[in-house]
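Throughout, read-outs are computed from the coordinates displayed, never taken from laboratory work. These numbers come from a predicted model, not from an experiment. Ideal geometry is used to build each Cβ from the backbone, glycine not excepted, and the neighbour counts take in all protein chains shown.
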Amino acid sequence: MGEKHKLVPCTKMFSNGTEYEWFIENNCDSCTRFRNWQCAIIHALENARFDETCFPYDKLLDYEDGVAGKVCKEHTTEPLKRHRRNVKGQIAMDLGL
């Protein structure tokens, strides 16, 4: 199967657009936090295209030994927990029995 490479803190931006697209395919597209481009990390990456100071180095990991690619520290495939909020005046469906 595939080799396991050690991950180290991110110190450089993507080397090209293909590496960025690979990152999105292998991290964002399978992440349950990423819906409709609503992710602070992807927003920072998009902003970094125009201003390098926006690049989220602290949220990403690089592969050691010069292997191309990055891994998102926030990536998860766990279902998100939805919190039910009661709204004042909302009709309840349960009777509280």
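Would you point out which residue out of ASP29, ASP65, ASP58, ASP51 is over 26 Å from LYS6 (Cα atoms) and loosely packed, with under 13 Cβ neighbours inside 10 Å?
ASP51
Scanning for something of a type in the set (A, V, I, L, M) and farther than 26 Å from LYS81 by Cα, does the range 45-54 turn up at least one residue? Yes, the conditions are met somewhere in the range 45-54.
Scanning the range 6-23 for residues that are loosely packed, with under 14 Cβ neighbours inside 10 Å and either touching an Asp or Glu at 6+ places or on another chain (Cβ under 6 Å) or within 18 Å of THR77 (Cβ to Cβ) (or both) yields LYS6, VAL8. Among the residues of the range 1-23, the ones that are in a loop (DSSP other than H, G, I, E, B), closer than 15 Å to LYS59 by Cβ and not basic (Lys, Arg) come to 4 in all.
Evaluation of ASP29 against the conditions (1) touching a strand residue (DSSP E or B) at 6+ places or on another chain (Cβ under 7 Å); (2) within 30 Å of LYS81 (Cβ to Cβ) shows that the sole unmet condition is (1). When the range 32-43 is filtered for residues that are surrounded by fewer than 17 Cβ atoms within 10 Å (Cβ to Cβ) and either among the charged types (D, E, K, R) or in contact with a helix residue (DSSP H, G or I) (Cβ under 6 Å, 6 or more places away or on another chain) (or both), only ARG35 remains.
Pairs are defined by a Cβ separation below 9 Å, a sequence spacing of at least 6 or placement on different chains, a first member in the range 24-48 that is within 13 Å of LEU60 (Cα to Cα) and free of Cβ contacts under 8 Å to residues at least 40 places away in the same chain, and a second member that is among the basic types (Lys, Arg) and part of a helix (DSSP H, G or I); the pairs so defined are ALA40/LYS59; ILE41/LYS59; ALA44/LYS59.
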